[in-house]
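Undergrad: Sharing a structure with you now.
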Amino acid sequence: MKSLSLTELAIRYGFLLLMAGLIVVFSVLRPAFLSPQSGVFILQSVAITGILALGVTATLVVDGFDLSIGAVATSAMMLSAYVMVIWEMGAVPAVLLCLGMGALVGLVNGLLIVKMRVPDLLATLGMMFLLVGLQRIPTQGNSISTGMMLPGGQAAEGSFAPEFLMLGRHRIDFILPDLVPLSVVVLIVIALLTWAFLELTRHGRVMYAIGSNAQAAGLAGINVAGYRILAYVISGVMASIGGILLAARLGRGDVASGNNLLLDSVAAALIGFAVLGAAKPNAFGTAIGALFVGILLQGLTMLNAPYYTQDFIKGAVLVVALVFTFALSGRVGRARR
């Protein structure tokens, strides 16, 4: 068996070693970083980001990109709050309407990109601005909470259903009582299902083939347009699930709560390219990327690092990870030829 060169080892395991090094450094500087509570807080903080990042991954697989995921998540959060607080409906209608909204937005994105030939960045950017404006119109830009004053002057009589709030606040016994949030379980289940779909099913392999060479896939008889639209529908549904969990955690429809969702989820999806030298979008790498972002932010927070430095540090890590993945892997490929 041929041994790997130092450069190949760096490409394959460098990112995981970097993450392990961060854990060691943060643990030495702040021993409480290794506590079960800290670990669960990290997982909870990345649950929503990770779900959105998995949706982005689905579009990246077919050589697309979705910039509207943060706006879809925030819209789902506002819609679920509106359904329960303003329309006085239950948790099930709220969840179903949010999932339907996410699927519809994904379908529209896909049709704009595939049928109307609008570039994916422009189509999803336009959808992002459309949703950001649309979600503020019914409440005149105000957040939605129990007992809020409506534009007509009367108080809202609806409230968040307990079973809905459970999605974001319920904790499961694991080693310690009430340790693992239900949202973390949702993330793990979705990550496993996404990995199995992309890696083990024919449909996943077809989507990778489209992302690699759409023209060749079409000549092979693959419904390229249908699979590309499907990828955006998956992304929209994933984003709406994230918005549902965020609303359930906060217990309100906060118009400003989703501001960082887009950047963090895109960072997690792109960092996934560097995990194990994959150099391609993949569910396992995306999940590790989301975990890495959570570890980094939790460590910086425990070290009392100024909040305004966190985005800079995330960006620097993302750039380094992608340089290692693509620059070094390209160099190795040229050396082999």
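Undergrad: Quick one: Debye curve from the alpha-carbon atoms of region 113-200 only, equal weights, vacuum; give me log10 I(q)/I(0) at q = 0.21 Å⁻¹ to two decimals.
TA: -1.00
Undergrad: Please report the orientation-averaged projected area of region 174-239, defined via the convex hull of its C-alpha atoms, in nm².
TA: On the way: hull surface 22.0 nm².
Its Cα hull, projected and averaged over all orientations, spans 5.5 nm².
Undergrad: Tell me what the chain gives for mean residue ellipticity at 222 nm when only DSSP H runs of n ≥ 4 count, each as -39,500 (n - 2.57), the sum divided by the residue total, rounded to 500 deg cm²/dmol. It would help to have the intermediate numbers written out before the result.
TA: Numbers: 14 runs with 225 residues, N = 337.
Per the formula, -22000 deg cm²/dmol.
Undergrad: Moving to a separate point now. Bin all alpha-carbon pair distances of region 74-114 at 10 Å intervals from 0 and give each bin's fraction as a whole percent.
TA: All Cα pairs considered, the percentages come to 32, 43, 19, 6.
Undergrad: Could you give me the ³J(HN,Hα) list for region 25-36, computed from phi with Karplus coefficients 6.51, -1.76, 1.60 and θ = phi - 60°, whole Hz, x at Gly and Pro?
TA: The phi angles translate into 4, 5, 5, 5, 6, 9, x, 5, 4, 8, 5, x Hz.
Undergrad: Stretch residue 309-residue 170 to full length: gain in nm at 0.36 nm per residue minus the Cα-Cα span?
TA: Details: separation 139, 0.36 × 139 = 50.04 nm, distance 3.21 nm.
Length gained, residue 309 through residue 170: 46.8 nm.
Undergrad: Can you give the percent of C-alpha pairs in region 16-110 whose distance is more than 20 Å? Can you show the working numbers first?
TA: Values: 2524 of 4465 pairs.
Considering region 16-110, 57 percent of its Cα-Cα pairs are separated by more than 20 Å.
Undergrad: Dimensions of region 74-220 along principal axes (Cα, Å, largest first)?
TA: 61, 47, 20
Undergrad: I would also like to ask the following. Taking the 0 to 90 degree range and rounding to the nearest ten, how far is the long axis of helix 202-212 tilted relative to the main principal axis of the chain, both from C-alpha atoms?
TA: 70 degrees
Undergrad: For residue 174, enumerate residues with amide H under 5 Å from its amide H, sequence gap 5+ or separate chain, H modeled in the peptide plane.
TA: Answer set, sorted by chain and number: 179, 180.
Undergrad: What value does region 221-289 have for Rg/Rh, both radii from Cα atoms and Rh as Kirkwood defines it? Display every interim value, and only then the final one.
TA: On the way: Rg = 15.0 Å, Rh = 14.0 Å.
Using only Cα positions, Rg/Rh for region 221-289 is 1.07.
Undergrad: Say each of residue 24 and residue 157 gets a label point 7 Å from the Cα, pointing the same way as Cα to Cβ; how far apart are those two points in nm?
TA: 6.3 nm
Taken together, the values in this text are just the output of simple stated rules run on the coordinates, not laboratory data. If you're wondering where the values come from, they're calculated on a predicted model, not measured in any experiment. Reconstructed Cβ throughout: ideal geometry from the backbone, glycine too, with neighbour counts over all protein chains shown.
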